Amino acid sequence: MSLTTPASKLFTGELPLLSSDSYGPVSSGEDVAIRLKTFLLPEEAPAPQPGQFYLVSPFGEGSGVTFPAVVVHFDAPSRHLKLAAYSSGLEQEDPPTDALFFSEPEGFEPDPWLAGPLGHGIVLPPEPMPIGLLACGPQGVVLDGFARSLSEDVDLTACWVRDAGSDEATPPPGHPFTPFHSTTLDEALEELEWAEWIAVAGPKAFLKEVQQRLSGTDQVLRAYFGSDFGGCGVGACLLCPVKTQNGYARQCADGPVFDLRELVFE
Amino acid sequence: MSQDVLQQTSVDLAVEVGPLKLKNPVMTASGTAGYGTEYAGLYDPGLLGAIAMKGLTRHPREGNRPARWAPTPGGLLNSVGLQNIGVEAFVVEKAAICAELAEKGCQPIINLACATQEDFIESVEILEEGCPAAAAYEVNVSCPNVKKGGCAIGADQNALASVVRELRSRTTKPLIVKLLPLVTDIVAMAKVVQNEGADGITLVNTIPAMGIDAKTRRPKLGSVTGGLSGPAIKPLALRLVYLTYQATKMPIIGLGGIQTGEDAIEYMLAGASAVAIGCGQFSNPRAPLMVLEEMAAYCEEQGVGSIRELTGGLILE
């Protein structure tokens, strides 16, 4: 590694927010929703791919809260960048810091600060093959966002596993965009038997369960690991470790998407 | 912030931490800026006075289990546990980075956080041979997140004296000791290292601390306890810098909760010769440069020709 790392490797800066949309809740009994926001990415910033991630600080540079958001779409001519993440505490005056995109109070619309794209995103295999998406909980939002970036000819099955103990479908059925349907984990794994490549997003316990249940298959398993994310965002501070068979990796620089089979759940 | 601003300022920003000469007083705190290149995609680290490298141990360390951080009001709990590549790998993989930083006038400071005196000695001997561009050693005897070494050495005057004495006899490079903030008498510990030939001290490391999640009844950190940093500890750190400077006049690198140029100026008025930015980089990765620019602006506004004039400049009457 050299100090001559090109400045174009990462983009950082505050970006004008062009539009905002949300739907939800995605988790029963909680005030959690999917939020989609579109920004104007400057010409000098490298063009991102759908499935890559940006680190976002919702209240602007220096606000102290940063979380990853997935690229849903990037329109090169207009430089419009659409990101997805989850939001919680929508009705609270003082939103919790574990939410990425807050529902801003009226008249309060700061330009969020973005850095990225981060190390490794969700990258589809080069050859067409049956694709599966398996989501659970708020972390599943990244797959919902990713699904929106896929063309209609992708051979796709997308399952959103209900939260434990929940009888509520997540996300709400009938949403005009989402390809997901609500199911149990058993049903989802049965449906995804034919998929050769599966992306998984959910709480650590969910990832662990899926890893164990699919240990005997030869499916390619990519996992979004969005827990305990924080720190510098550039791989320097080592505050966001993920245990792998090769030691600790960094969510920001080495992920936040990993080979699920290589993750070690302690 | 840009190189232009630094070139245009009329303020002499150069400082000295004992024999260690810095082109400006701002550096990154060890453990927050990796090995000096991680932020290179965002700004040129060569613009800073120094980079304190990620804490090194004699042998590689995997680090502590997650979670390694938790937010607190006004601060950040962390417990990385000195995850690092070890001295030998550092020489092979990172010595060239030190040389490149030095070429740019940014002093690479090697932070050593060994578990035993023997490890400290061996590490310095390896680095003397394998990393000639290292500008100084920061002897970290205050990490709260390891079971061996760290606080155990930093809290024991005899052990502390012995480590500094042994290292002093093995290197002519500046030795800066990062002291433990939670001791009964910080001045006594500073005098111990001063008497053994240390060239300066760093105040402070993170404050031993912990967090508990009441809902789950579990600790917030994987290692249960950790260290507290951020604005919450700035008043504590300022006091220690002040007391130590008044009693010893030793060169001090001050840190703890610096987010603005004004924060940094306060440290210099208390007695610091230079300042380090730690977790302030997490919310603003360009914080070191912003702080430097604001320090230069402060000096211009106050008619301060050389920033060195600020060290110990607190008005008490």
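What the table below lists for this structure:
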read-out	value
Filter result for B:G305 (over 21 Å from the mean Cα position of the chain (by Cα) and at pLDDT 95 or above)	yes
Residue among B:I110, B:I153 that is modelled with pLDDT of 95 or more and closer than 24 Å to B:G18 by Cβ	B:I110
Selection from region B:296-313 of residues that are small (G, A, S) and closer than 24 Å to B:L243 by Cβ	B:G312, B:G313
Contacts under 8 angstrom Cβ, first residue in region B:17-43 being within 14 Å of chain A (Cβ to nearest Cβ) and within 25 Å of A:L118 (Cα to Cα), partner in a loop (DSSP other than H, G, I, E, B) and among the charged types (D, E, K, R), 6 or more apart	B:S30/B:K54; B:G31/B:K54; B:A33/B:K54; B:G34/B:K54; B:Y35/B:K54; B:L42/B:R286; B:Y43/B:R286
Test result for B:P71, without any contact (Cβ under 8 Å) to a residue 12 or more places away in the chain, within 14 Å of chain A (Cβ to nearest Cβ), surrounded by fewer than 23 Cβ atoms within 10 Å (Cβ to Cβ) and out of contact with any helix residue (DSSP H, G or I) (no Cβ under 9 Å at 6 or more places or on another chain)	yes
B:G230 being more than 24 Å from B:P288 (Cα to Cα), buried (at least 17 other Cβ atoms within 10 Å of the Cβ) and modelled with pLDDT under 95	no
Among (1) at pLDDT 95 or above; (2) under 16 Å from the mean Cα position of the chain (by Cα); (3) under 23 Å from B:D44 (Cα atoms), the one test that B:A287 misses	(1)
Candidates B:A99, B:A113, B:A135 - the one that is within 14 Å of chain A (Cβ to nearest Cβ) and either out of contact with any Ser or Thr (no Cβ under 9 Å at 6 or more places or on another chain) or farther than 22 Å from A:L238 by Cα (or both)	B:A99
Extreme residue, surrounded by the fewest Cβ atoms within 10 Å (Cβ to Cβ), among residues of region B:168-191 that are free of Cβ contacts under 8 Å to residues at least 60 places away in the same chain and outside any loop (DSSP other than H, G, I, E, B)	B:A188
Subset tally (residues that are surrounded by fewer than 24 Cβ atoms within 10 Å (Cβ to Cβ) and assigned to a strand (DSSP E or B)) for region B:201-217	6
Criterion violated by B:A136 - all others in (1) in contact with a helix residue (DSSP H, G or I) (Cβ under 9 Å, 6 or more places away or on another chain); (2) modelled with pLDDT of 95 or more satisfied	(1)
Those residues of region B:44-67 which are at the interface with chain A (Cβ under 10 Å from one of its Cβ atoms), in contact with an Asp or Glu (Cβ under 7 Å, 6 or more places away or on another chain) and among the basic types (K, R), in sequence order	B:R65
Matching option when the condition is aliphatic (A, V, I, L, M) and within 17 Å of B:G256 (Cα to Cα), among B:V164, B:V224, B:V204, B:V139	B:V204
Hits in region B:19-50 - residues which are surrounded by fewer than 22 Cβ atoms within 10 Å (Cβ to Cβ) and within 15 Å of the chain's Cα centre (by Cα)	B:Y35
So B:Q194, is it in contact with a Pro (Cβ under 8 Å, 6 or more places away or on another chain) and in contact (Cβ under 8 Å) with a residue 24 or more places away in the chain	no
Selection status of A:V26, crowded, with 21+ Cβ neighbours inside 10 Å, at pLDDT below 55 and away from chain B (no Cβ under 14 Å)	yes
Identity of the residue in region A:108-148, assigned to a loop (DSSP other than H, G, I, E, B), closer than 23 Å to A:H80 by Cα and out of contact with any Lys or Arg (no Cβ under 9 Å at 6 or more places or on another chain), that ends up modelled with the highest pLDDT	A:G121
Positions within region A:223-266 being among the aromatic types (F, W, Y), more than 8 Å from chain B (Cβ to nearest Cβ) and in contact with a Leu (Cβ under 9 Å, 6 or more places away or on another chain), in sequence order	A:Y224, A:F225, A:F229, A:F265
Qualifying residue in region A:2-18 (condition: more than 30 Å from B:V92 (Cβ to Cβ), in contact with a His (Cβ under 9 Å, 6 or more places away or on another chain) and at pLDDT 65 or above)	yes
Flag for B:V291 being closer than 26 Å to B:K191 by Cβ and buried (at least 22 other Cβ atoms within 10 Å of the Cβ)	no
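The values are calculated or read from the model by the stated rules, or taken from the named source; none is laboratory data. As the structure is a computational prediction, the values presented were derived from the model and not from experiment. Quick reminder, even Gly has a Cβ in these numbers, built from the backbone with ideal geometry, and neighbours come from all protein chains shown.
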